[in-house]
Amino acid sequence: MAGSTRCLIAGNWKMNGTLQESLSFIHDLGENPAPEYVEVALMPPFTLLHPLAKPFAEKEVCLGAQSMYCEARGAYTGSISPVMLRDAGCHYVILGHSERRDIQHESNTLIRKKMDAAWEYGLEPILCIGEHLDDRECGKTNEVLADQLSVLEGLNAEHPLTVAYEPVWAIGTGKTASVEQVKETHAFVHAELQRLGHDCRVLYGGSVNAGNAEELLACKGVEGALVGGASLKADSFMQIIEAANSAEN
Ligand code: PGA
């Protein structure tokens, strides 16, 4: 398997968090937030990467970024490179998040370039895929996911990789996919990954919270969660980690 086999609970803070808020969050995480069976990662905004690297490392929380550009350096005003992310202490980088695809119009072609650049500079991409509600209603979910996964075609399967399946209609809406939908879609994603030669970990994301984490993480083929809103408060994030730890042992 390319990448870690441990269940991953990753928190994506999106465009939230000041230095003061993040230091309170770390304080509230307590002494040992990452239990034996679960890997914990957080993706704060770029401005907090450097200041959080050390306090996160002290709590065994892995650092990640929410995005990056596909070049190492140069005249790309406003962009952040994989070299900078490594320099800040990142292990993970989220690529292909639906908010980047929809709001910033990121294409599969650009995402593939970013995957290559992430690997070249030693980062592990968390490749996000997911269908919109109308895709699901028209029965096109698998077609959309296969198209998004096609960025992996021909890429070296030895590189570390995590995939996150996040139905777009479940992100930030409080709606989650049903257990049946999660199982069925994760089975499809795993089969497609296997066909492409990438036998990697697949997370579920979209309104995961302390109340539904246990049920979602118990679904076959779900090997962790990408958590947005519920990762902003240490207590709800820790309850999700705890649910993952119980599901794993
Ligand atoms: P949410 O976000 O948990 O707030 O739905 C998930 C994500 O966008 O990764």
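The values are calculated or read from the model by the stated rules, or taken from the named source; none is laboratory data. Treat the numbers as computed from the prediction; the structure is a model and nothing was measured. Counting neighbours? That spans all protein chains shown, and the Cβs are built from the backbone with ideal geometry, glycine included. Just the protein is used for accessible areas: all its heavy atoms, side chains included, with ligands, DNA and RNA removed. Shrake-Rupley method; radii C 1.70, N 1.55, O 1.52, S 1.80 Å.
A few comments on the model shown:
- In the set (1) free of Cβ contacts under 8 Å to residues at least 40 places away in the same chain; (2) surrounded by fewer than 16 Cβ atoms within 10 Å (Cβ to Cβ), W169 fails one condition alone, (2).
- All positions within region 149-165 that are open to solvent by 10 Å² or more (accessible area, probe 1.4 Å) and either in a loop (DSSP other than H, G, I, E, B) or over 12 Å from L196 (Cα atoms) (or both): E153, G154, L155, N156, A157, E158, H159, P160
- Between T5, T47, the distinction of being at pLDDT 95 or above and either open to solvent by 80 Å² or more (accessible area, probe 1.4 Å) or within 28 Å of A170 (Cβ to Cβ) (or both) belongs to T47 only.
- All of A34, A10 fail the test of being buried (at least 16 other Cβ atoms within 10 Å of the Cβ) and modelled with pLDDT under 95, apart from A34.
- Number of positions in region 1-52 that are free of Cβ contacts under 8 Å to residues at least 60 places away in the same chain, within 16 Å of the ligand (Cβ to nearest atom) and part of a loop (DSSP other than H, G, I, E, B): 3
- Residue in region 177-193 that is within 30 Å of N245 (Cβ to Cβ), within 16 Å of the ligand (Cβ to nearest atom) and among the charged types (D, E, K, R) present: no
- Taking region 206-229 as the range and being within 11 Å of the chain's Cα centre (by Cα) and either part of a helix (DSSP H, G or I) or more than 11 Å from the ligand (Cβ to nearest atom) (or both) as the test, only G224 passes.
- Exactly one residue out of L203, L196 is away from the ligand (no atom under 11 Å from the Cβ) and either closer than 19 Å to A146 by Cα or open to solvent by less than 50 Å² (accessible area, probe 1.4 Å) (or both), and it is L196.
- Annotation note: Cβ proximity below 6 Å between a residue of region 119-143 that is among the hydroxyl-bearing types (S, T, Y) and a residue that is part of a loop (DSSP other than H, G, I, E, B) (sequence gap 6+ or interchain) occurs for T141/E131.
Condition check ((1) aliphatic (A, V, I, L, M); (2) modelled with pLDDT of 95 or more; (3) part of a strand (DSSP E or B)) across all residues:
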| site | (1), (2), (3) |
| --- | --- |
| I94 | yes, yes, yes |
| E99 | no, yes, no |
| D102 | no, yes, no |
| E106 | no, yes, no |
| I111 | yes, yes, no |
| M115 | yes, yes, no |
| A118 | yes, yes, no |
| G122 | no, yes, no |
| I126 | yes, yes, yes |
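- Test: residue in region 218-240 that is free of Cβ contacts under 8 Å to residues at least 40 places away in the same chain and crowded, with 21+ Cβ neighbours inside 10 Å: no
- Test: S67 is within 23 Å of M84 (Cα to Cα), assigned to a helix (DSSP H, G or I), touching a residue at least 24 places away in the same chain (Cβ under 8 Å) and of a type outside the set (V, I, T): no
- In region 143-173, the qualifying residues are those that are of a type in the set (A, V, I, L, M, F, W, C) and modelled with pLDDT under 95, and the one that is farthest from the ligand (Cβ to nearest atom) is A157.
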